[in-house]
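The next block holds one structure in the form of structure tokens; read it before the comments.
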Amino acid sequence: MTSTTKTFWLILVGLICIGINSFFLENNIPILAIIAFSIIGLSIFLFRFDYLIYFVAFATPLSVNFYFSGLKLGFNFPSEPIMVGLMILFFLKLIIEGFPDRRIIKHPITLAISFILVWTFVTTLTSQLIFVSTKAFLAKLWFIIVFYFLIIYLFKNISNIKRFIWAYVFGFTIVIIYTWFQHAEYDFSQIKSYNVMMPFFPDHTLYGAMIAFFVFILAAFSFSSSINFSFQLKLYSFLFFLIFCVALFLSYSRGAWIGTVAAIAFYLLLVFRIKFHQLLIGIFLFGIVLLIKKDEIYVKLKSSEVQTTEKVSTHIESITNISSDVSNLERINRWNSALGMFKEKPFFGYGPGSYSFFYTRFQRLDQITDISSNFGDAGNGHSEYLMPLSESGFLGLVSFIILVLTVIYTGMKVHYSAKNNEIKYINLGALLGLVSYFVHGFINNFSDLDKGAVPLWAFIAIICILDIKNQEEIKSAKSIPLL
């Protein structure tokens with residue numbers, strides 16, 4: 001079936017369903033109207049599922065959380081219901097057609113993700129709160145199924161990678177402009193920056209982290225002559241790049257700033273062609289130095305009393321204040337609580353999604369702050385690394401570290417070996433965005449939220465598919481006989 005024929009049938013089915021839907025609503029039969037909308041969704045998936053993917057990418061930054069207290073169930077609308085539908089339809093498609101590209105299944109990144117899913121499932125079965133962990137596992141599943149396993153087929157065409165990124169950027173830009181209007185009422189005050197992005201983002205940390213995610217890919221779009229854009233599109237890319245840079249600054253998210261600086265430092269390592277094993281050795285030696293100097297570092301940090309203020313330099317310096325900065329102290333409280341949970345159940349953990357229900361019993365009296373809670377209703381463990389450690393035990397942490405290292409290794413390999421410069425620089429933009437997220441992940445975690453999970457898994461899919469395409473091109477070049 002040609003693309004034109006698919007589009008014709010899609011429009012025809014859509015018009016019929018809209019007519020049926022209008023009739024049912026007019027006659028006050030809403031359940032049949034829902035069925036009509038489901039048929040439209042199914043038709044779009046079968047004929048042009050890419051439209052749904054782009055819509056979810058656009059809608060994710062704009063989605064709003066709905067919570068049903070009676071069911072103790074919350075979801076982001078409209079993004080997550082569509083993701084659930086896409087996941088179900090993907091499994092049906094898999095049963096009917098199978099998984100055609102074995103290279104994706106056998107790829108190291110896919111194997112690392114599979115390890116995470118398998119161990120999360122195991123620790124769901126051993127969870128202290130089976131219902132909570134089942135919900136957490138299903139949420140992780142639909143994020144990964146849709147924005148890794150399904151979207152990777154779309155990304156086989158590099159143009160679709162660009163379309164996906166633009167869809168998210170357009171939706172996010174609306175949020176940024178809304179936030180600026182809200183923030184302007186307070187003269188862009190640092191103190192008021194924490195929640196002016198509500199209801200779209202819960203706070204400035206997630207907002208800043210996602211801005212940092214896209215700054216680097218927009219930089220690649222703007223400055224790389226190898227990416228196939230017209231002059232006008234380059235100009236638009238540069239405009240959006242500036243908007244995101246200003247938004248990153250005005251987010252006043254210290255974590256996002258740290259992640260951005262780390263990604264820039266990582267880029268400099270790539271410029272000097274540092275090998276992956278050298279990077280690992282450097283990280284290992286840095287870790288040893290921290291262990292040796294930990295007491296000395298602690299005393300120095302404990303003596304810092306720099307409080308966050310409207311002055312940017314002071315706001316940055318306050319990162320080192322663990323004596324009176326409430327935000328920093330509460331993070332330490334959450335981290336130590338996570339470690340306490342791990343020591344109690346080191347192998348299986350307490351179960352996915354269980355941290356907020358158990359961490360309060362591990363809080364030490366001398367570490368409780370003014371913003372601490374005894375009811376587990378004030379956030380999570382503030383770490384992408386300690387959360388799986390507390391909820392899924394030692395192998396939960398190991399599985400995530402394996403994924404991080406596999407993604408970075410693959411991204412570095414593509415960057416150094418790519419002959420196609422468009423592949424090279426899209427890979428670079430995605431890799432730097434992921435590095436900023438992985439570093440930020442030491443002090444915050446967002447992978448259980450749709451706004452964080454969608455770009456996280458989609459960018460990992462970009463790294464994977466570009467590696468496969470790069471290997472194809474290298475093999476093709478070797479097979480050409482020399483004259």
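Which log10 I(q)/I(0) values, to two decimals, does region 148-302 give at q = 0.19 Å⁻¹ under the Debye formula with one point per Cα? The Debye formula, applied to the Cα set alone, gives -1.20. Working note: Cα gyration tensor of region 134-198, eigenvalues times five, square-rooted, sorted largest first, giving semi-axes of 33, 19, 6 Å.
Placing dummy labels 7 Å off each Cα toward the beta-carbon, the span from Ile264 to Cys245 is 1.0 nm. A crude spin-label estimate for the pair Arg273 and Lys156, with each label 7 Å from Cα along the Cβ direction, gives 3.4 nm. Per-residue extension of 0.36 nm, minus the Cα-Cα distance of Leu141 and Ser417, leaves a gain of 96.1 nm for this segment. Dimensions of region 342-458 along the principal axes, based on C-alpha atoms and rounded to the nearest Å, stand at 57, 30, 24, largest first. The length gained by stretching the chain between Glu296 and Arg163 to full extension, at 0.36 nm per residue less their Cα-Cα distance, is 42.9 nm.
From the Kirkwood radius over Cα pairs of region 225-298, Stokes-Einstein at 10 °C and 1.306 mPa s returns a whole-number translational diffusion coefficient of 100 µm²/s. Under 20 Å from a label point set 7 Å out along the Cα-to-Cβ vector of Ile283, the amide N atoms of region 420-443 belong to 427-443. Full extension of the chain between Phe238 and Ser226 yields a length gain of 2.8 nm, computed as 0.36 nm times the residue separation minus the alpha carbon distance. Hydrodynamic radius of region 407-483 by the Kirkwood approach over all distinct alpha-carbon pairs: 13.5 Å. Karplus-derived 3J(HN,Hα) values for region 187-202, using 6.51 cos²θ - 1.76 cosθ + 1.60 with θ = phi - 60°, are 6, 6, 5, 5, 4, 8, 6, 5, 9, 6, 8, 6, x, 6, 10, x Hz; glycine and proline are entered as x.
Can you flag which of Lys135/Lys156; Lys140/Lys451; Lys156/Lys424 are past 20 Å Cα-Cα? As for pairs spanning more than 20 Å Cα to Cα, those are Lys135/Lys156.
Whole-Hz Karplus values for region 386-403 come out as 7, 4, x, 5, 6, 8, 10, x, 4, 5, x, 5, 4, 4, 6, 5, 4, 4 Hz, taken residue by residue from phi with 6.51 cos²θ - 1.76 cosθ + 1.60 and θ = phi - 60°; glycine and proline positions read x.
Read-outs throughout are calculated quantities, based only on the coordinates presented, and are distinct from any laboratory measurement. The shown structure was predicted, so the numbers you read here are calculated from the model rather than taken from an experiment. Here the Cβ is made from the backbone with ideal geometry for all residues, glycine too, and neighbour counts use every protein chain on show.
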